[in-house]
1. Quick one: go through region 259-274 and flag any residue whose amide nitrogen is under 14 Å from the point 7 Å out along the Cα-to-Cβ line of residue 36.
2. Taking each pair of distinct Cα atoms in region 226-323 once, what is the resulting Kirkwood hydrodynamic radius in Å?
3. Which of 227, 345, 291 moves the most in a Gaussian network model of the chain with Cα springs under 10 Å?
4. Can you pull the one-decimal nm distance between simple spin-label points at residue 170 and residue 255, each 7 Å off the Cα toward Cβ?
5. Could you sort 96-103, 317-324 so that the peptide with the highest average Cβ count within 10 Å comes first and the rest follow in order?
6. Could you calculate the contour length gain from residue 204 to residue 248, that is, 0.36 nm times the residue separation minus the distance between their Cα atoms, to one decimal place in nm?
7. When 162, 343, 22 are ordered from fewest to most other Cβ atoms inside 10 Å of their Cβ, what list results?
8. Considering Cα pairs under 8 angstrom that are at least six residues apart, work out the relative contact order of the chain and quote it in whole percent.
Ligand code: ACO
């Protein structure tokens, strides 16, 4: 029997070589293809950032115009997909429905049987546009409102808000949502991206890989956090007592959603951008969120001096998304809209590597056994 212990949750294990995303967890640095996330959040758009992730360089103006046009042209959904969204039980969470709808999309994709690089790039355009459409349409259906047609003249962020809310969004709302999309677009080998890469490495299609990734992102330890952050902030707004909320949550043995990260020991750089944005915009719940953050960090430092548990991206994402009028229960699904860009980049890269991902386990079960050494087994065999 093995005596060594494998790191729990593959913590600290380098599992592949990738040129897409760099994280320095101790310094709190994140960059896509060598460009710091703060630069991208300040100067880029979701379209430009997605081009960067997929093709490795920032687009020139012609490339950006072509990319934007292709994403807009990909805003088409077979009526059967909308039928599915209308027919699923209303008890289903947006992530469950999205996972099912994305799986179904593959059967309506014009490149369904083509797993070549070029076809996968075309599918990546379609999936990026279609997933955003599905999320917006799902919310309209839930609210009993008519589905809004996509507007090809709008940016990806503006079209999403248009299809979600049915009115032309303000420039501030669009820019705010665009920043959230950029910040969530990729994050190296997080759980959902790793899942996508493992699936892609089997030579399965991109829809399978993204369906699997959505399943992973759905978990509360990953993309499910922001929907759980907002009720905490609302509670602080109501009671004015952030310390009490923090203490009682931790006393119950529960985790504070929006805090802690596998990789970052310094503050998550995305949280910093979103906090600054929320403050600048005068977001509705900025004060309550800031009070909760202060109380949480102080209590976590007292209770866990051994482990740096800092604010992660999901805490301030909840405030920012609410400002952009994305309802709390749709937040994980919105996260999917952004991360489809990163998943696609990783799937394309993984397919180029062309090697099945199949790690080994450190066996920790019993030593070799036979019917002679297992009590009662031989007798049972004889009876049988
Ligand atoms: N609140 C309270 N305690 C925490 C928190 C938290 N938010 N995060 C970590 N801890 C504690 C754990 O209880 C654990 O304690 P233990 O050593 O006594 O068992 C210790 O810190 C280490 O936690 P792990 O779960 O082992 O660390 P890991 O790196 O696996 O976890 C994770 C990272 C899952 C994100 C964790 O910090 C967490 O659960 N956070 C809350 C959920 C959340 O905000 N998720 C969004 C993450 S960002 C994203 O996915 C985009």
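1. Counting backbone N atoms under 14 Å from the label point, the list is 269-270, 272-273.
2. One over the average 1/r among Cα pairs gives 13.3 Å for region 226-323.
3. 291
4. Label at residue 170, label at residue 255, 3.5 nm between them.
5. Highest-to-lowest ranking by the protection proxy: 317-324, 96-103.
6. 11.3 nm
7. 22, 162, 343
8. 24 percent
Every read-out reported here was derived from the displayed coordinates using simple, explicitly stated rules and does not represent laboratory data. Keep in mind that what you see is a predicted model, and the values were worked out from it rather than measured. Quick reminder, even Gly has a Cβ in these numbers, built from the backbone with ideal geometry, and neighbours come from all protein chains shown.
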